[in-house]
């Protein structure tokens, strides 16, 4: 899977392209971050679908879903459903952190690795 950052648009848009060349996802990361701002009222299924779109398919072991990150260090996000179909707040924070890092990674790539 390849990630492409579209610089001509605002808000920032991330394209995820499969090996066959199909565009799998095109959605503003800022929309996801805004949606995840309320860490206590996020449905697990929505958090799971955001992770699938942003990070690709997960590995599942029992009730745990592991998403691999596209960078080294802190290599995965672990999701597990809480009571009432809600996502656990610390897992929402982890996903927010990963999405913010995606924004920074792609912004750095656009600037040639230099911050403005």
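The table that follows gives values for the structure above.
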quantity: Number of the exception - residue 52 against (1) within 24 Å of residue 104 (Cβ to Cβ); (2) more than 11 Å from the chain's Cα centre (by Cα); (3) at pLDDT 80 or above; (4) not in a strand (DSSP E or B); calculated: (2)
quantity: Yes/no for residue 74 being surrounded by 11 or more Cβ atoms within 10 Å (Cβ to Cβ) and modelled with pLDDT of 90 or more; calculated: no
quantity: Total residues in segment 70-84, condition touching a helix residue (DSSP H, G or I) at 6+ places or on another chain (Cβ under 6 Å) and within 12 Å of residue 98 (Cα to Cα); calculated: 1
quantity: Subset of segment 12-49 that is at pLDDT below 75 and surrounded by fewer than 12 Cβ atoms within 10 Å (Cβ to Cβ) - its residue that is farthest from residue 99 (Cα to Cα); calculated: 20
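The values are calculated or read from the model by the stated rules, or taken from the named source; none is laboratory data. The structure presented is a predicted model; accordingly, all values stated were derived computationally and were not measured. With ideal geometry, Cβ positions are generated from the backbone for all residues, glycine too; neighbour counts draw on all protein chains shown.
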